[in-house]
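Working notes, beginning with the structure itself.
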Ligand code: NAI
């Protein structure tokens, strides 16, 4: 049978890790014909919990799962890895400033980027989930100069899926009738979910909803959905975040459907006025294992303002981590 693909998951004993590992092992990350080997990376205090999850993975008897190894050392965990899911991150604690948060995460994503550079497989693909995801991805990328820059991506697929769900509910249409939705910018409250290019039943979505709903309900609901989940659940999004990570990697590896696109944060080539190198969310298609930014969309003044505001935040984060010597 085929050689297994090595998938490394960091923060494996966390909430998202628990929701994610079973989906990967069952074949949903890469497809039903691809066996997987799991490498779990945790901090030493959480290794035992990861071992418990590994016991449960064994007990699922997934035919595609060809092995599980648990590490507290990044170099070992990323050795030979084909897909790296960087989930573990340092959360913001009380009174922590943005700069402190970026610096603390630099201490995680810098060494992990180095470890990927040193030992990952030539085809390695990296998805950063841990927040602040876009800038953590930039830090990992900067620490991995021998890996092609476009292999470093950050997750805005959860925001994309949240926007799909809100629009589907609003219009009372099936998700299969919606296409070409886009999240632009940062995975943060400044993100811009764009309905001016999205289509429902082949017609522009923005023309099928009230402008008032689009600006004052849809955009803030999508952008603040994470906080609403915490408020309701008493814990942050986990299964939906894991689901989005699966969607992102599946599409990256297997391609996006013809006539549609999705959203992912990838290094900018300067498209749509986003400074080159910034890891920003764009409308993207995937073909032959590579993301491509959808070109030629007309951006009106309203969208321009929203995109620019979110990109300005990303530029500020980049400048902060540059000042800290993290990139
Ligand atoms: P969690 O706190 O339940 O789990 C995080 C795990 O990471 C913990 O087990 C911790 O021990 C581990 N960890 C910390 N530092 C590590 C390191 N250096 N190496 C390996 N593991 C390490 O958090 P949860 O809920 O699983 O969320 C994980 C991250 O995902 C958070 O940063 C969260 O903000 C982010 N997130 C991102 C979303 C997105 O759409 N991009 C959506 C939801 C969450």
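Laid out as a table, the results:
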quantity: Segment 113-143, subset within 14 Å of residue 79 (Cβ to Cβ) and crowded, with 20+ Cβ neighbours inside 10 Å, residue nearest to the ligand (Cβ to nearest atom); calculated: 115
quantity: Unique residue being without any contact (Cβ under 8 Å) to a residue 24 or more places away in the chain, closer than 22 Å to residue 283 by Cβ and either assigned to a helix (DSSP H, G or I) or away from the ligand (no atom under 12 Å from the Cβ) (or both) when the list is 232, 244, 227, 258; calculated: 258
quantity: Unique match (being touching a residue at least 24 places away in the same chain (Cβ under 8 Å) and within 15 Å of the chain's Cα centre (by Cα)) among 284, 294; calculated: 284
quantity: Qualifying residue in segment 85-97 (condition: part of a loop (DSSP other than H, G, I, E, B) and more than 16 Å from the ligand (Cβ to nearest atom)); calculated: yes
quantity: Candidate set: segment 65-84, residues that are under 19 Å from residue 30 (Cβ atoms) and without any contact (Cβ under 8 Å) to a residue 60 or more places away in the chain; chosen: the one nearest to the ligand (Cβ to nearest atom); calculated: 69
quantity: Filtered residues of segment 211-224 (kept if over 18 Å from the mean Cα position of the chain (by Cα) and either near the ligand (Cβ under 10 Å from one of its atoms) or surrounded by 15 or more Cβ atoms within 10 Å (Cβ to Cβ) (or both)); calculated: 214, 218, 219, 221
quantity: So residue 161, is it near the ligand (Cβ under 9 Å from one of its atoms) and in contact with a helix residue (DSSP H, G or I) (Cβ under 9 Å, 6 or more places away or on another chain); calculated: no
quantity: Qualifying positions in segment 304-327 - over 29 Å from residue 97 (Cβ atoms) and in contact with a strand residue (DSSP E or B) (Cβ under 6 Å, 6 or more places away or on another chain); calculated: none
quantity: Where residue 186 falls short, out of the listed (1) within 16 Å of the ligand (Cβ to nearest atom); (2) surrounded by 22 or more Cβ atoms within 10 Å (Cβ to Cβ); (3) more than 20 Å from the chain's Cα centre (by Cα); calculated: (3)
quantity: Unique match (being within 11 Å of the ligand (Cβ to nearest atom) and farther than 20 Å from residue 249 by Cβ) among 174, 110; calculated: 110
quantity: Residue check for residue 265: surrounded by 21 or more Cβ atoms within 10 Å (Cβ to Cβ) and either in contact (Cβ under 8 Å) with a residue 40 or more places away in the chain or within 13 Å of residue 181 (Cα to Cα) (or both); calculated: yes
quantity: Check on residue 312, surrounded by fewer than 20 Cβ atoms within 10 Å (Cβ to Cβ) and in a helix (DSSP H, G or I); calculated: yes
quantity: Given (1) modelled with pLDDT under 95; (2) surrounded by 17 or more Cβ atoms within 10 Å (Cβ to Cβ), number of the condition residue 202 does not satisfy; calculated: (2)
quantity: Enumerated strands (runs of 3 or more DSSP E) restricted to segment 1-75, each holding at least 1 residues that are surrounded by fewer than 17 Cβ atoms within 10 Å (Cβ to Cβ); calculated: 65-71
quantity: Neighbours by Cβ (under 8 Å, 6+ apart or cross-chain): first from segment 1-22, over 23 Å from residue 115 (Cα atoms) and within 9 Å of the ligand (Cβ to nearest atom); second in a helix (DSSP H, G or I) and modelled with pLDDT of 95 or more; calculated: 18/53; 19/239; 19/241; 19/242; 19/243
quantity: Whichever residue in segment 268-281 is over 19 Å from residue 178 (Cβ atoms) and surrounded by 19 or more Cβ atoms within 10 Å (Cβ to Cβ) and, among such residues, is nearest to the ligand (Cβ to nearest atom); calculated: 279
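The values are calculated or read from the model by the stated rules, or taken from the named source; none is laboratory data. Everything numeric in this text was worked out from a predicted model, so none of it was measured. Here the Cβ is made from the backbone with ideal geometry for all residues, glycine too, and neighbour counts use every protein chain on show.
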